[in-house]
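Let me begin by presenting the structure, written as structure tokens, before commenting on it.
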């Protein structure tokens, strides 16, 4: 198999996923409340075995899943992706105790995961995050209430006499998908002030930790997005994912895997918009013929198809590079996400234009896609960030010659 073709079994699996999404997942999505976790939908994803595949399949299979689900049910695609994004750090960097505690619940669809990286002042520049993880020096502080005076802290990673190192998380996370309704969060906090990306630690934080509260945000996207407030939330070395002060590796490792699949999500939406446009322009009477007979229309449809296929191929190439452990993964992942999300925005917008006012009516497929397609150009690294990554990788390669 190459990056430019799929095996018959893969194509059949994609068709099966589209059918499952349309027949079993879409009805559950319709019953969900916008802005809130649809636990029935997540549970069905678990019962179908799709959540389990998040941790047993490669990047290409993840892309095929996300594109196929997005084509027929964007809500199911997003629910699956958010489980993967929030729990992948546990799968890839967690201890055996962390994995055995949470991953079975995630794959069953009974525990909701979330990836808590962005902050009000640290969105695209993830290395600038300010959520503080202050090390405790006194074991007696562990029972301190959230409204008590701040604990004595030290910038070093200290261990209390009767247990592992302890920290208190203080600050805010914002624009976190599945917040505040997730059951646990992968949280990135600053353990060493002034160290940039080198002073960040990833923690697994259950939602019931004292001092952790949240609120939903009213966003354009229909899936839940919220803010989290950390008021001296206690964590210990047992909650660390990976190594202390090496959490940025956890974040980037996760994003390098999921960025191509964000592109796959976008390609699924673009394909759905393209197919809807083909049907509409072939059947719509206008100016004594069909819309498709107008060259201005047919050329636009051809451009939509061209860009969609080009984006799909780049997504597949990036995912294949990840599966092959290619050293060029950061550049390829950035390119795939950038091209696919920008393409989907163009394709959906053009589809709306060719459909006319009907596409803006609530409940129309394109009205739904128009709301869904905007966010992927921002989350997991905005388009401008992807261009920066691409340029950095290109110049680094040039200098290494």
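Overview of values
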| quantity | calculated |
| --- | --- |
| Only one of 367, 399, 393 that is free of Cβ contacts under 8 Å to residues at least 40 places away in the same chain, within 23 Å of the chain's Cα centre (by Cα) and in a helix (DSSP H, G or I) | 367 |
| Residues located in the range 314-353, provided they are surrounded by fewer than 23 Cβ atoms within 10 Å (Cβ to Cβ) and under 23 Å from residue 299 (Cα atoms) | 314, 342, 345, 346, 349, 350, 352, 353 |
| Options 362, 387: the member that is modelled with pLDDT of 95 or more and surrounded by fewer than 17 Cβ atoms within 10 Å (Cβ to Cβ) | 387 |
| Among (1) part of a loop (DSSP other than H, G, I, E, B); (2) within 21 Å of residue 284 (Cα to Cα) - the single one residue 380 does not satisfy | (2) |
| Residue ID - farthest from the chain's Cα centre (by Cα), chosen from residues in the range 218-249 that are part of a strand (DSSP E or B) and under 30 Å from residue 74 (Cβ atoms) | 229 |
| Those residues of the range 240-287 which are buried (at least 24 other Cβ atoms within 10 Å of the Cβ) and out of contact with any helix residue (DSSP H, G or I) (no Cβ under 6 Å at 6 or more places or on another chain), in sequence order | 240, 247 |
| Residues satisfying the stated conditions in the range 288-317, i.e. out of contact with any helix residue (DSSP H, G or I) (no Cβ under 8 Å at 6 or more places or on another chain) and free of Cβ contacts under 8 Å to residues at least 40 places away in the same chain | 288, 289, 293, 294, 295, 296, 299, 302, 306, 309 |
| Any hit, the range 98-120, residues being surrounded by fewer than 20 Cβ atoms within 10 Å (Cβ to Cβ), touching a strand residue (DSSP E or B) at 6+ places or on another chain (Cβ under 8 Å) and either at pLDDT 95 or above or assigned to a helix (DSSP H, G or I) (or both) | yes |
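The values are calculated or read from the model by the stated rules, or taken from the named source; none is laboratory data. Note that the structure is a prediction, hence the values are computed from the model and not measured. Virtual Cβ from ideal backbone geometry, glycine too; neighbours counted across all protein chains shown.
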